[in-house]
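Nothing in this text is a laboratory measurement; each read-out follows from the coordinates by a stated rule. Small disclaimer: the values here were computed from a predicted structure and weren't measured. Cβ coordinates were reconstructed from backbone atoms using ideal geometry, including for glycine residues, and neighbour counts include every protein chain displayed.
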There are 2 protein chains.
Amino acid sequence: MVKDIEGQENERPLIFIGNDDGFRAGGLEALINIAADYGDVVAVAPFEHQSGKSSAITVDFPLRVHSIRNTERVKLYSVNGTPVDCAKLAFDRLLPRVPDLLLSGINHGYNSGNSVIYSGTMGVVFEGSFRGVPSVGFSYGDYMPDADFSLCEPIVRQVIEKVLAEGLPEGVCLNVNIPKCERILGLKRVKSASGYWKEEFEERVDPHGRVYYWLTGQYHNAEPDNPATDHYWLNRNYATVVPCRADQTAYDYL
Amino acid sequence: MVKDIEGQENERPLIFIGNDDGFRAGGLEALINIAADYGDVVAVAPFEHQSGKSSAITVDFPLRVHSIRNTERVKLYSVNGTPVDCAKLAFDRLLPRVPDLLLSGINHGYNSGNSVIYSGTMGVVFEGSFRGVPSVGFSYGDYMPDADFSLCEPIVRQVIEKVLAEGLPEGVCLNVNIPKCERILGLKRVKSASGYWKEEFEERVDPHGRVYYWLTGQYHNAEPDNPATDHYWLNRNYATVVPCRADQTAYDYL
C-alpha cells in the first residue's frame, strides 16, 4: 500500500513526468494521458521550451511554480527553469513522496546517438536515476509542434508496463526513441551510435553590420552500418531502447 | 611538423582551452599561462560565468565573438553563450585546425562525484572527446573568485605532459580535481563518488508577497568510506583523476 498525492492510502503508483519542450507540448500531454492509466501523475515542465539544455541547472535567478492543472489523478505545474530544475523542484517540494516511476517526454524529435548528452529530456531521466527511481525518457522522430503521438502509444505502454513490473538495475535508466513511420516493426535494445555534429554555425550579418552566428549542423554518424546502434534501427522503422548510466566514469579504463 | 595558429609550420602543439567561469576567471588565466609553455593556445570562454550549464547548447539566440587577446602564442575570445557553445564555435570557426589537446578550467570549485553531470567545465571536455581530441578538465577546491591557483600548477603540468606524450584511449577523457591544502600528497586514479544533492531549494517571499525558490543544497555522498572514489582522496589532500566517457550507454547491462 502506498500513499497517493492527497495522502490517501491506495495501490496506484506515483508517476513523475518531466520534459524539455515545455508544459504546453503535445508530447507531454500524450505521455500524461498514457501514464494516468497506470498511476497518479505529477508533471512538472518548463514554462518555455528548453531544447538542448542537457543537465543544466539555474543558480543565478529564482524559480517560480505555477499550478496548471489539478485533478484527482493529474497535477501539472510549470516552472521558469530548465528541465532538471523542474525535476529537482519536484523531488524537493512538489512530490508527496519518492515516485515509483519517472518518465520524461515524449520529446518532439530524436534523442539518439551522441545527442543524448545535449538532451534535457534525458537530463530529467538522469536526475531520477541518481535518486534510485526507475526512469525512462521517450523521444519521437517528429520535431513538429503538432506531431501526432498516437503512433508512440503501444511502445510507451510496453515499456511502462515492463518497468513498473520489473524495475531497473541499480544506476540504469532507459532512453527510448520511436521512429515516425506507418508501422513500427519492433523494439531493439542497442547502444547510442557514435558520431558528432559538423558545420555547426551559420554566419550572418545583423542590420548594424555586425557578424553573429547561429547554431545549426548535420549529425555525422561514425558507424551508420552498425546494427548494435540506435540510428541503424531507427532508420529501419524499429523503436530503440538504450540502457544508460548517469555516471560517466570509464570503468573499463580504470 | 604542424601549422601554428598563424599558419606557419612549427612543432608546437595547438592547445584549445575552454571553461565555465567566463573569460575573466583567474582559473582560466592560470591554465592559459601554464599551457602556453607547451604550445600555441586558443582559448574561447563564456562572456559571463556559466556555472551548472552542463552540456547545454544555445538554439534560441545568436552568438557573438569578441577577441580579447591576440598575441603570438595566445588568442583569447569571449562568446555570449554556454561553455559548450564556446567549444563548438572554436572547432567550427576559430581554431585553424583540430587541436592536439583540449583543456578546460581551472574551475573555481570541485567537479567531483555526481556533480560532473552539471559541469560546464566537463561539458567542454566531452565536446573534445567526441572529436577524438585528448581532453582534460581541471577543477580546484576553492570557489572564491580570487582563489590562488599556484598550488594546482605541479598537478596540471604533470597531467598535460603525460597526455601530450601518450595521448588517451579512444573515447576516454579526464576529470582532474585538486584539493585546496598546504601540500598535495599525490594524484589518485579513481571513479566518481555516487551520491545526490539534498534539500535543494530555499523558499523565499518576494517584495510583492509571491513565493520563489532558490537552488541550494548539500551533496550527499553515498559512499564516503570508499577509497575507490574521488571524494575519499580529495578529503585526504590527494588530487584525483577520473577517466570519463561522454557515451552514457550502460554496456554492462546491454
Using a 10 angstrom Cβ neighbour count of at most 16 plus a DSSP loop assignment to flag exposed chymotrypsin sites (Phe, Trp or Tyr not before Pro), which longest range of chain A is free of such sites?
A:1-142
Count, for each residue of B:57-66, the Cβ atoms from other chains sitting within 10 Å of its Cβ, then give me the mean as a whole number.
6
Sorted shortest first, the nm distances from the A:Ile184 label point (7 Å along Cα→Cβ) to its counterparts in the other copies are 4.9
Loop-resident sites, the range B:47-154, for GluC sites (Glu not before Pro), counting at most 16 other Cβ within 10 Å (DSSP)
B:Glu48, B:Glu72
Could you tell me what percent of the DSSP beta bridges with both partners in the range B:1-124 are antiparallel, to the nearest 5?
35
Let me know the shape class of the range A:1-137, please: from the alpha-carbon gyration tensor, a ≥ b ≥ c as square roots of the eigenvalues, rounded when a/c is under 1.5, otherwise prolate if a/b is greater than b/c, or oblate.
prolate
Amide H contacts under 5 Å for B:Ser55, restricted to residues at least 5 apart in sequence or on another chain and with H modeled in the peptide plane, are A:Ser55, A:Ala56
Can you list, shortest first in nanometers, how far A:Arg157 lies from the same residue in the other copies, with each label 7 Å from Cα toward Cβ?
6.7
For a footprinting-style exposure proxy, rank B:His220, B:His108 by other Cβ within 10 Å, fewest first.
B:His220, B:His108
I'd like the FRET efficiency for B:Glu48 and B:Asp225, computed as 1/(1 + (r/R0)^6) with the beta carbon distance as r and R0 of 35 Å, rounded to 0.05.
0.35
Taking the simple approach of a point 7 Å from Cα along Cα-to-Cβ for both B:Glu29 and B:Glu72, what is their distance in nm?
2.3
Each residue of the range B:96-102 in turn: what ³J(HN,Hα) in whole Hz from Karplus with 6.51, -1.76, 1.60 and θ = phi - 60°, glycine and Pro shown as x?
x, 6, 4, x, 7, 7, 10
Ranking B:Gly132, B:Gly52, B:Gly39 by how far each Cα lies towards the positive end of the charge dipole of the range B:1-136 (+1 on Lys and Arg Cβ, -1 on Asp and Glu Cβ), the top one is B:Gly52
Fewest to most neighbouring Cβ within 10 Å: what's the order for B:Thr82, B:Thr71, B:Thr58?
B:Thr71, B:Thr58, B:Thr82
Could you list B:Val59, B:Val125 so that the one with the fewest beta carbons within 10 Å of its beta carbon is first and the one with the most is last?
B:Val59, B:Val125
Alpha-carbon centroid distance for the pair the range B:9-80 / the range B:175-250, whole angstrom:
25
Along the dipole axis of the range A:59-195 (charges at Cβ: +1 for Lys and Arg, -1 for Asp and Glu; origin at the Cα centre), the most positive-end residue among A:Ser119, A:Met144, A:Ser104 is A:Ser104
Longer than 21 Å from Cα to Cα, which of A:Lys88/B:Lys198; A:Lys88/A:Lys191; B:Lys53/B:Lys88; A:Lys53/B:Lys88 are they? Say none if no pair is.
A:Lys88/A:Lys191
Sparse-neighbour loop sites [trypsin sites (Lys or Arg not before Pro); the range A:134-190; at most 12 other C-beta within 10 Å; DSSP]:
A:Arg183
If you put +1 on each Lys and Arg Cβ and -1 on each Asp and Glu Cβ, how big is the dipole of the range A:86-217 around its Cα centre, in Debye rounded to 20?
340
For the range B:175-254, one quarter of the surface area of the C-alpha convex hull, expressed in nm², comes to 8.7
Using a 7 Å offset from Cα along the direction of the beta-carbon, what are the separations from A:Gly209 to the same position in each other copy, nm, ascending?
5.4
Please state the shape class of chain B: rounded when a/c is under 1.5, otherwise prolate if a/b exceeds b/c and oblate if not, all from the C-alpha gyration tensor.
oblate
Show log10 I(q)/I(0) for the range B:81-232 at q = 0.12 Å⁻¹, two decimals, from a solvent-free Debye sum over equal Cα scatterers.
-0.61
